[in-house]
Amino acid sequence: MSAHFIVIGNPISHSKSPMIHDAFARQFGLDIRYSRQLCPADRDSFIAVVEAFFHGGGVGANVTVPFKQIAFDYCQQNGQLSGNAKAAGAVNTLSYQNGVLTGDNTDGQGLVNDILSLNWPLTGAKVALIGAGGAARGVILPLIEAGIKSITIANRTPSNAQDLIDDLRQNNSMISAADIQSCETKALTGDFDLIINATSIGLTGDKLPLSDELTCRYAYDMMYGKALPFLNHFNDKGAATADGFGMLLGQAALSFERWLGVYPNVSAARAEIAASLSVKP
Ligand code: NDP
């Protein structure tokens with residue numbers, strides 16, 4: 001019988017996860033069934049779906065919008081959390097082994113792995129992260145663990161960036177010892193090794209208010225799948241650029257490894273999946 005996996009979300013029909021995990025499984029000749037699970041957007045429904053899935057023999061589940069925080073709370077009360085899930089305050093990967101439910105967060109390490117696969121150096125890097133929502137929060141600890149020198153968190157609402165830093169510092173000693181600053185996005189100036197866009201502005205097509213005095217060697221946008229003004233801006237200034245398609249694959253590869261104990265060849269899967277999604281390989 002094939003091992004069963006799901007991704008739980010609302011909406012969920014757009015999710016690329018089944019295609020990605022199927023491609024990974026083919027690399028190892030593994031017989032898996034990975035399906036999308038639409039769930040009503042409330043806590044009780046989410047818990048009912050998770051319990052029915054794992055009690056029915058499900059092996060692993062991914063969690064996406066709007067359930068990542070609910071999954072975090074549920075694992076905190078009824079299971080255990082990985083260090084990355086604790087730092088992110090959110091869970092994107094659920095596993096059930098030996099009667100214990102574990103919540104993990106692979107988004108941030110997925111981003112780090114993608115950046116390293118591009119041969120962009122992180123050790124000693126001066127990093128700016130634009131955005132202070134859930135995605136930004138999840139990448140801060142993995143970036144610090146990767147050895148960056150400093151990180152400036154810029155946001156449209158600067159108090160949200162400072163609140164995020166204060167909260168993370170209270171809960172993680174590595175983050176509290178790190179060089180972290182905050183500012184308003186339009187006040188972000190200077191030369192950075194890497195600038196990451198972790199805002200959802202790409203969904204609207206609007207442009208971030210970026211200073212002329214802001215430069216970098218590498219620019220990364222967590223969004224993917226369409227022309228992104230943020231990347232065009234830094235491409236015009238001579239920076240190397242990448243969108244978040246590799247992060248999407250990276251977080252999936254780490255979930256796959258948690259569940260099945262083998263790490264897929266992400267670049268081999270990438271071209272195949274990109275072709276069917278009409279995105280840049
Ligand atoms: P949130 O809603 O939690 O956070 C949104 C952030 O964007 C906030 O910092 C908000 O600022 C800022 N923002 C929203 N609209 C604007 C705007 N018009 N101008 C300037 N800033 C704006 O979203 P997430 O953190 O969950 O997601 C952020 C992005 O990351 C999304 O595009 C998502 O698709 C992407 N992502 C990609 C992944 C991947 O695998 N590639 C994985 C996870 C996320 P403020 O605080 O002022 O409201």
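I'd like to compare 221-228, 205-212, 259-266: which one has the highest average count of other Cβ atoms within 10 Å, and what's the full order after that?
Packing proxy ranking, top to bottom: 221-228, 259-266, 205-212.
For region 1-93, go through all pairs of different Cα atoms, get the mean of 1/r, take its inverse, and jot down that Kirkwood value in Å.
Answer for region 1-93: a Kirkwood hydrodynamic radius of 13.7 Å.
How high is the FRET efficiency from residue 80 to residue 43, r the C-beta distance, R0 22 Å, rounded to 0.05?
0.70
For residue 123 and residue 13 in the same chain, what is the full-extension length gain: residue separation times 0.36 nm, less their Cα-Cα distance, in nm?
Gain on extension, residue 123 to residue 13, equals 35.8 nm.
Of the listed pairs 126/237; 207/237; 186/237; 126/186; 186/207, which have alpha-carbon separations greater than 22 Å here?
Violating the 22 Å limit, Cα to Cα: no pairs.
On each of the three principal axes of the Cα atoms of the chain, give max minus min coordinate, whole Å, ordered largest first.
The principal-axis extents, from largest down, are 58, 42, 33 Å.
Most fluctuating residue of 30, 141, 122 in a GNM of the chain with Cα springs under 10 Å: which is it?
Highest fluctuation among the options: 30.
Can you tell me the relative contact order of region 126-242? Whole percent, Cα pairs under 8 Å, sequence separation 6 or more.
25 percent.
On a 0 to 90° scale, report how tilted helix 266-277 is relative to the longest principal axis of the chain, with both axes built from alpha carbons and the result rounded to the nearest 10.
Between the helix axis and the principal axis of the chain, the angle is about 90 degrees.
Consider a paramagnetic label point 7 Å from the Cα of residue 227 along Cα→Cβ; state which residues of region 178-205 have an amide N under 17 Å from it.
202-205
Stokes-Einstein at 20 °C, 1.002 mPa s, Kirkwood radius from Cα pairs: D for region 181-281 in µm² s⁻¹?
Working: Rh = 15.1 Å.
Translational diffusion coefficient: 142 µm²/s.
If each residue of separation counts as 0.36 nm, what is the full-extension length gain between residue 237 and residue 169 once their alpha-carbon separation is subtracted?
Full extension from residue 237 to residue 169 adds 21.1 nm.
Can you tell me the 0 to 90 degree angle between the C-alpha axis of helix 17-28 and the longest principal axis of the chain, rounded to 10?
The answer is roughly 70 degrees.
Mind checking which aspartates and glutamates have their C-alpha under 19 Å from residue 226, skipping anything on the same chain fewer than 8 residues away?
Filter leaves 114, 206, 236, 243, 272.
Enumerate by residue number the GluC sites (Glu not before Pro) in region 117-214 meeting two conditions: DSSP loop (anything except H, G, I, E, B), and at most 14 other Cβ atoms within 10 Å of the site's Cβ.
Working: sites: 145, 184, 213; in loops: 213.
Those satisfying the criteria are 213.
Please determine, in degrees from 0 to 90 and to the nearest 10, the orientation of helix 158-171 with respect to the longest principal axis defined by the Cα atoms of the chain, where the helix direction is its Cα long axis.
60
Rounded to the nearest 500, what is the 222 nm mean residue ellipticity of the chain from helices alone, with -39500 (n - 2.57) per DSSP H run of 4+ residues and division by all residues?
-13000 deg cm²/dmol
Using R₀ = 51 Å, calculate the FRET efficiency as 1/(1 + (r/R₀)^6) where r is the Cβ-Cβ separation of residue 157 and residue 1; round to 0.05.
Working: r = 50 Å, r/R0 = 0.97.
My answer for the efficiency is 0.55.
Could you give the length gained on full extension between residue 69 and residue 22, defined as 0.36 nm per residue of separation minus the Cα-Cα distance, in nm?
14.3 nm
Within region 177-191, list the residues whose amide N lies under 17 Å from a label point set 7 Å along Cα→Cβ of residue 212.
Of the residues in region 177-191, 186-191 have backbone N under 17 Å from the label point off residue 212.
Which cross-chain or sequence-distant (5 or more) residues have an amide H under 5 Å from the amide H of residue 154, H modelled 1.01 Å from N in plane?
Excluding prolines and chain starts, which carry no amide H, the hits are 129, 130, 131, 183.
No value in this document is a laboratory result; all are computed from the given coordinates. Note that the structure is predicted; figures quoted are calculated from it, not measured. Positions of Cβ are generated from backbone atoms using ideal geometry, with glycine treated the same way; all protein chains shown enter the neighbour counts.
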